[in-house]
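Read-outs throughout are calculated quantities, based only on the coordinates presented, and are distinct from any laboratory measurement. Everything numeric in this text was worked out from a predicted model, so none of it was measured. Cβ: placed from backbone, ideal geometry, glycine included. Neighbour counts: every protein chain shown.
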Amino acid sequence: MSTPIQVQVLYSESCLRTPLTIERVHEVSQKLGVTIDLTTVQIDTFDQIMEWNFIGSPTVRVNGVDIDPSARGDSFGGFT
């Protein structure tokens, strides 16, 4: 049995795209036939923004790497 791929979805409470994003993560994992360990993290405070290097909602990370290549070098986040 293989080790599950770690997937994180970081989001702000007001983000309307979060449910669809989570659904798509599940769909992709099923289509690829991979097991994932999905964690969702609601970002509510400035401290959490800094701790998670949150740059926008939703953010999807696979094994700790943002799936958006343009977001990988950013060092400061904020709500969208």
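Of note:
- Local electrostatic count, GLN8, Cβ distance below 10 Å [Lys/Arg +1, Asp/Glu -1]: -1
- Folded to 0 to 90 degrees: helix 18-32 orientation relative to the chain principal axis, Cα: 30 degrees
- Label-to-label distance, nm, for residues given as ILE5 and THR35 (7 Å Cα→Cβ offset): 1.5 nm
- For Rg and Dmax of the Cα atoms in Å, calculated from these coordinates, the label among (i) 11.5, 33; (ii) 23.4, 60; (iii) 12.8, 39: (iii)
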